[in-house]
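The values are calculated or read from the model by the stated rules, or taken from the named source; none is laboratory data. From a predicted model like this one, the values you see are computed outputs, not experimental measurements. Cβ sites come from the backbone with ideal geometry, for glycine too, and all protein chains shown count toward neighbours. Protein only, heavy atoms only, side chains kept; ligands, DNA and RNA dropped before computing areas. Shrake-Rupley method; radii C 1.70, N 1.55, O 1.52, S 1.80 Å.
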Amino acid sequence: MTVSLEEYFRTTFEDKLLVKMPEREDDHLTPATRLLEKRREMAEVEQALAAQKEEFQMKMESLQQRREELERKEYQLKESLLKFDKFLKENDSKRARAVKKANDERDLKKQKDKEIEKLAEENDTLTRQKDKLQAKLDKYTVFHRYMEKVLEAGEEFHELRDIIARWDTLTTTHQDLLERDQKNQEVIEKQRQDLMKYQEEKNNEILGYNNKLSGLQTRLDDAQSEAVHWESIWNHIKNTAAKKTLLLGRIKMATHNLYQLVKRHQKQAAASEETTEQLSQIQTFVQDLNQITAEIKRMEMTGTSIVAPSSS
């Protein structure tokens, strides 16, 4: 009797009470489709719960009858224990088996009580799941009514699937625009960084050019100072050259006059206009004159008569 009752509870409550919700790949479904799917699932869950409640109630009644039968048997067992107390004292082995049987019956009763508590907890869990699904259904019902009102008010859409398709299209377009905006922002940021880098490079170039310009300005100032110095020297040279030119002119004129005197003394015509040639002839004349003067002085000292040299 005990083994068959335990097998009965295991096969009945473990295999049939819990309703396994179907797993669906609904990531791609729209809210309205999910709402309809949840409604269908709620209907299935409610039907399963109703059937399980009815079966659970029947099993509870059967369990209650079994409990009453167990209590009655326990009472009969106690009566038997009282009646056969003297016999049990004489036969310890029989008494031990009877006590063990009674303990087993009590353990079985405790086990069944625990199973009843577990089933009650599972019933509470299913009830809470039902309430959650009902709350979710109520939440999605608002959107469903809103979509129905939109469908009634508008002329663009004829069915709910058209609104859902339009929503999917707008969502996809919005996502594409966000991605394009992100890419544009990245391009703008890159161009901004390139611009900053370009400005920095040009600022460095300008700084370099300014440094070169400062160096060139310094060189220009030095060159201008040096130019002033050399201009002063050049003015001095020009002034000196003018004086020397004047002196040279005077020398040439004096040389020319001496040359004319020499040629008149020699009774010859002036044939050269070159100052160097004139100086050469004047030098020759002066040398000849010095030689004659020296010869005259020598002859005077020796008492020799002077013989005039022939002009050539």
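A few notes on this one:
- Any chance GLU300 is in contact with a helix residue (DSSP H, G or I) (Cβ under 9 Å, 6 or more places away or on another chain) and open to solvent by 100 Å² or more (accessible area, probe 1.4 Å): no
- Test for ALA271: is it small (Gly, Ala, Ser) and either open to solvent by 100 Å² or more (accessible area, probe 1.4 Å) or touching a Lys or Arg at 6+ places or on another chain (Cβ under 9 Å) (or both): yes
- Unique match (being in a helix (DSSP H, G or I), modelled with pLDDT under 85 and among the aliphatic types (A, V, I, L, M)) among LEU77, LEU63: LEU77
- Neighbours by Cβ (under 7 Å, 6+ apart or cross-chain): first from segment 267-294, closer than 15 Å to MET253 by Cα; second open to solvent by 70 Å² or more (accessible area, probe 1.4 Å): THR275/LYS252; ILE282/LEU258
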